[in-house]
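Just so you know, all these numbers are worked out from the coordinates, no wet-lab data involved. Remember, predicted model here, so these are calculated numbers, not experimental data. So basically every Cβ, Gly included, is an ideal-geometry build from the backbone, and we count neighbours across all protein chains shown.
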Amino acid sequence: MKIKDLTVTACLAAAALVVFVIEAQIPPLGIPGVKLGLSNALVLMAMAVVGRKHAAMVLFVKIILGNIFAGTPASFLFSLFGGAAAYAVMALTFKFFGRNKMWVTSALGALANNAGQLVAALLIMRTSAVLVYIPLLVIAGLAAGIFTGLAAQFSVRAYDKLRR
Amino acid sequence: MDNTKAAAVLKSGVFWAVLFAVAAALCAGYLIYKKTHQQTGRFAVINVKGETLTTLPLGEDTEYTFFTERGVNTVMIKDGKVSVSYSDCKNQICVDTGSISHVGESIICAPHRLTVTVTGETDTDVVVV
């Protein structure tokens with residue numbers, strides 16, 4: 001591992017962690033339980049600037065430390081299921097869409113994130129009552145995913161300029 | 001030939017923008033349909049870890065406190081609506097959900113594995129996974 005990649009990965013992981021912890025403190029606006037998931041933008045950005053493997057490390061640090069700092073055992077499980085599903089989908093589609101369509105990758109990742117969390121909810125609660133949330137989760141996932149994807153896209157552009 | 005064409009479509013931002021818009025519109029339509037065609041419920045089913053603890057009629061104003069393995073939830077029934085008025089969980093999503101009264105609506109407290117679901121006639125229309 002190159003020192004530079006290591007440093008950039010560590011910086012992105014730290015940033016993702018800070019965003020995650022701050023976001024956890026904000027009371028839910030509007031719909032209970034729905035949040036923007038802005039820390040995912042940092043994972044996506046890591047995919048673009050240091051590659052998929054390093055992005056997995058950013059995600060790992062974010063989930064483990066983030067839930068230690070600002071979470072519950074239940075939220076850890078939700079993060080893990082959602083994060084793993086989102087990562088899998090984004091890692092598979094990232095190359096295909098490239099840097100100019102990160103918002104598509106991000107939106108698909110956000111949908112996968114919500115699907116993963118729904119599975120976690122099914123496992124924890126053991127009731128199909130949670131399935132009522134599917135339409136809402138699709139809308140929220142698309143909106144949040146596109147927004148965080150664009151945020152990542154602009155960040156990557158700024159990062160590239162900085163390196164030049 | 002066909003493959004490259006399909007790939008080009010899949011790669012275009014417009015295609016995904018339209019697809020996402022259609023998906024969001026369908027979901028929004030479904031939610032609006034449900035909102036306008038909802039029935040007033042008659043019972044609140046309290047579930048913990050997939051098992052029904054009790055079924056409360058929405059007709060009587062009451063307040064019950066449930067001490068589960070993982071914490072305390074107070075369920076309040078008032079004016080035909082049910083809400084979780086108190087929970088000692090950390091995220092308070094169940095309390096923030098407010099009161100519900102239509103068939104199929106539910107309040108979920110994930111930290112305590114507790115759900116409150118409104119049903120029509122009896123608790124038989126609750127499907128336990």
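Within the stretch A:125-138, restricting attention to residues that are facing chain B (nearest Cβ under 7 Å) and crowded, with 21+ Cβ neighbours inside 10 Å, the residue that is nearest to residue B:32 (Cα to Cα) is A:138. Residue A:110 meets the stated requirement of being in contact (Cβ under 8 Å) with a residue 40 or more places away in the chain, within 13 Å of chain B (Cβ to nearest Cβ) and either buried (at least 17 other Cβ atoms within 10 Å of the Cβ) or of a type in the set (A, V, I, L, M) (or both). Residues that are over 30 Å from residue B:95 (Cα atoms) and not in a helix (DSSP H, G or I) do not occur anywhere in the stretch A:83-97. Remark: pairs (first residue in the stretch A:148-164, farther than 16 Å from residue A:109 by Cβ; second residue part of a helix (DSSP H, G or I); Cβ separation under 7 Å; 6+ apart in sequence or on different chains) = A:159/A:49.
Determine if the stretch A:28-38 includes at least one residue that is on the phi < 0 side of the Ramachandran plot, surrounded by 18 or more Cβ atoms within 10 Å (Cβ to Cβ) and assigned to a helix (DSSP H, G or I). Within the stretch A:28-38 (the criterion being on the phi < 0 side of the Ramachandran plot, surrounded by 18 or more Cβ atoms within 10 Å (Cβ to Cβ) and assigned to a helix (DSSP H, G or I)), the answer is no, since none of the residues qualifies. Selection of first residues in the stretch A:15-27 that are under 13 Å from residue A:65 (Cα atoms) and of second residues that are charged (D, E, K, R), restricted to Cβ pairs under 8 Å at least 6 apart or on distinct chains, gives the following pairs, ordered by first then second residue: A:16/A:62; A:17/A:62; A:20/A:62.
Residues of the stretch A:50-76 that are in a helix (DSSP H, G or I), of a type in the set (A, V, I, L, M) and touching a Leu at 6+ places or on another chain (Cβ under 8 Å): A:55, A:58, A:61, A:63, A:65. Please tell me if residue A:69 is of a type in the set (Phe, Trp, Tyr), under 12 Å from the mean Cα position of the chain (by Cα) and more than 12 Å from chain B (Cβ to nearest Cβ). So residue A:69 does not fit the description; no.
Is it true that some residue in the stretch B:52-71 is of a type in the set (Asp, Glu) and within 25 Å of residue A:27 (Cα to Cα)? Looking through the stretch B:52-71, none of the residues is of a type in the set (Asp, Glu) and within 25 Å of residue A:27 (Cα to Cα).
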